[in-house]
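Trainee: Below is one structure. I have some questions about it.
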Amino acid sequence: MIRSNSIFLLSSIILFLPLGSVYTKDFNALCSTCRQLVDKFDKGLEKTAKQNFGGGNTEWEERKLSKYELSEIRLTEILEGLCDSSSFECNHMLEENEEHFETWWFKRKTKHPDLFKWFCIETIKVCCPKGLFGLDCNTCIGGADKPCHGNGKCDGDGTRSGNGKCSCDKGYEGEFCLDCSDGYFSALRNDTFSLCKECHESCDGCTGGTNQDCKECRNGWEKDPEGACIDINECTKDPATCKDNQYCLNTDGSFSCKECDIRCSGCKGPGASYCLTCADGFKDEESTCTEENKEVPAFDSEDSQTGDSPEKHEDL
C-alpha cells in the first residue's frame, strides 16, 4: 500500500512538471564535447601515424598479426589519450560510446572517413551539419551555406539545440539580417543579400556614405549652405567654453578643455609660447615664458681679485 501511494505521488509530480524538465540534455555542451573528442582522435591518428608495434621483429609481427596502422593496439593508444582525467564530460562520453569508436575503426572507417559526421551527427546525434540546428537538424534562416544571409549567427548552428533565430552582426537587423540598423545605409540589397555600410560620423541617419548624405546632423555638427554636415568649432564661442587657466581644443563633433602650462597665467594653446601672460616667477622673453633669474650676491672688487669669500675676509 505504501509503495502504491509512493508511485502515485511520483506520477503526480511528473505529470505536473513542465515538459522536458525530467530529462533534459544540453546539446550545445554535448556537441562541443563530441567535437573535442573527435579533434583529439584526429591528433592521435597523426601522432601514431609513423609508429609500429615496437617489438624486435616488426615485419614478422605485421605479417603474422596485422598491420599496426589498422590494429586494436593503435586504437587503444589513441583512445587512452582522448580525455584529461579531470574532464568528466569527455570521459563520460567516451565510456558510453567506446564501442562506437571500435565499430568505426574496424568496420566503418573506409566508407565513412569523416569521424565527426559519422559519430557526432549520424550515430549519437548530438550535433548537426553546419548551417542546421535543433533536434531535427532544420535549416537555418538564409540556408545552410549562408546562415542569416551571412550577416549574423543562427541560434544552435551545428548542434541539436537552439531555435534557429538570427543574432545579427553589427550594422544589420531584422528577422533575416537583411535590414540596416541605425547609423548604417544600404549599399546593395536583394532578396538574399544585403550590404550595409556605416554613415559618415557627422550624420544622424543617412542615405549614403558622405557628410552630404546625412538626413540630419549629429550634435556638434551643422549644415553648411550646400547642405553638408560640418564640424562646429566650440572653441570660437563667446563666452569662453573652458575655465580661466585652460585652453579649448576643438575635435570633430566635439571639444575638450586642457590645462595651461604651469608657466602661464591663462593661455590659448599648449606650452609656454601660448601664454596670455606669464605666471608668477616667470617672465616673457622672446614671446615665451621663462623662469626669472635669481639674484646672485655681489662681491667687491678686492674680494673678487683675491678669490676670498666675505666670510673668510672677516676672519682675517
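Trainee: Taking segment 205-250 as the search range and keeping residues that are among the hydroxyl-bearing types (Ser, Thr, Tyr) and modelled with pLDDT of 95 or more, which one is nearest to residue 276 (Cα to Cα)?
Mentor: If we take residues in segment 205-250 being among the hydroxyl-bearing types (Ser, Thr, Tyr) and modelled with pLDDT of 95 or more, then 247 is nearest to residue 276 (Cα to Cα).
Trainee: Test of understanding: among 152, 183, 134, which residue is within 28 Å of the chain's Cα centre (by Cα), open to solvent by less than 40 Å² (accessible area, probe 1.4 Å) and within 30 Å of residue 40 (Cβ to Cβ)? Break it down stepwise before answering.
Mentor: Working: 152 fails: within 30 Å of residue 40 (Cβ to Cβ); 183 fails: within 30 Å of residue 40 (Cβ to Cβ).
Matching residue, one of 152, 183, 134: 134.
Trainee: For segment 73-98, give me each residue that is at pLDDT 95 or above and over 22 Å from residue 32 (Cβ atoms).
Mentor: Listed by number, the list is empty, since nothing qualifies.
Each row is one residue, and each column tells you yes or no for (1) of a type in the set (Phe, Trp, Tyr); (2) under 27 Å from residue 152 (Cβ atoms).
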{"position": "210", "(1), (2)": "no, no"}
{"position": "213", "(1), (2)": "no, yes"}
{"position": "221", "(1), (2)": "yes, no"}
{"position": "259", "(1), (2)": "no, no"}
{"position": "270", "(1), (2)": "no, no"}
{"position": "275", "(1), (2)": "no, no"}
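Trainee: How many residues does segment 17-54 contain that are of a type outside the set (Val, Ile, Thr), at pLDDT 50 or above, surrounded by 10 or more Cβ atoms within 10 Å (Cβ to Cβ) and in a loop (DSSP other than H, G, I, E, B)?
Mentor: Within segment 17-54, residues that are of a type outside the set (Val, Ile, Thr), at pLDDT 50 or above, surrounded by 10 or more Cβ atoms within 10 Å (Cβ to Cβ) and in a loop (DSSP other than H, G, I, E, B) number 4.
Trainee: Answer yes if at least one residue in segment 62-72 is at pLDDT below 85, open to solvent by 70 Å² or more (accessible area, probe 1.4 Å) and not charged (D, E, K, R), and no otherwise.
Mentor: Looking for residues that are at pLDDT below 85, open to solvent by 70 Å² or more (accessible area, probe 1.4 Å) and not charged (D, E, K, R), one finds at least one in segment 62-72, hence yes.
Trainee: For segment 110-143, which positions are in contact with a helix residue (DSSP H, G or I) (Cβ under 9 Å, 6 or more places away or on another chain), outside any loop (DSSP other than H, G, I, E, B) and of a type outside the set (A, V, I, L, M, F, W, C)?
Mentor: Answer for segment 110-143, where residues must be in contact with a helix residue (DSSP H, G or I) (Cβ under 9 Å, 6 or more places away or on another chain), outside any loop (DSSP other than H, G, I, E, B) and of a type outside the set (A, V, I, L, M, F, W, C): 123, 139.
Trainee: Against the definition (assigned to a helix (DSSP H, G or I), open to solvent by less than 90 Å² (accessible area, probe 1.4 Å) and of a type in the set (Phe, Trp, Tyr)), how does residue 106 come out, yes or no?
Mentor: No; evaluated as a whole, the condition is false for this residue.
Trainee: Could you list, in sequence order, all residues of segment 252-266 that are hydroxyl-bearing (Ser, Thr, Tyr) and either free of Cβ contacts under 8 Å to residues at least 12 places away in the same chain or in a loop (DSSP other than H, G, I, E, B) (or both)?
Mentor: 256
Trainee: Only residues that are in a loop (DSSP other than H, G, I, E, B), of a type outside the set (S, T, N, Q) and more than 26 Å from residue 36 (Cα to Cα): list them for segment 144-183, please.
Mentor: Matches in segment 144-183: 169, 170, 171, 174, 175, 176, 177, 178, 182, 183.
Trainee: Could you grab me the full set of residues in segment 197-214 that are open to solvent by 60 Å² or more (accessible area, probe 1.4 Å) and assigned to a strand (DSSP E or B)?
Mentor: 197, 198, 204
Trainee: Can you confirm whether residue 246 is within 41 Å of the chain's Cα centre (by Cα), within 14 Å of residue 200 (Cα to Cα) and surrounded by 12 or more Cβ atoms within 10 Å (Cβ to Cβ)?
Mentor: no
Trainee: Still on this structure: Is one or more of the residues making up segment 136-154 out of contact with any strand residue (DSSP E or B) (no Cβ under 8 Å at 6 or more places or on another chain) and under 30 Å from residue 105 (Cβ atoms)?
Mentor: Step one: filter segment 136-154 for residues out of contact with any strand residue (DSSP E or B) (no Cβ under 8 Å at 6 or more places or on another chain), giving 136-137, 143, 145-146, 150.
Then keep just the ones that are under 30 Å from residue 105 (Cβ atoms); that gives 136-137.
Looking for residues that are out of contact with any strand residue (DSSP E or B) (no Cβ under 8 Å at 6 or more places or on another chain) and under 30 Å from residue 105 (Cβ atoms), one finds at least one in segment 136-154, hence yes.
The values are calculated or read from the model by the stated rules, or taken from the named source; none is laboratory data. Since we're looking at a predicted model, the values are computed, not measured. For neighbour counting, all protein chains shown are included, and Cβ atoms are generated from backbone atoms with ideal geometry for every residue, glycine included. Just so you know, the surface numbers come from the protein's heavy atoms only, side chains and all, with ligands and any DNA or RNA stripped out. Shrake-Rupley method; radii C 1.70, N 1.55, O 1.52, S 1.80 Å.
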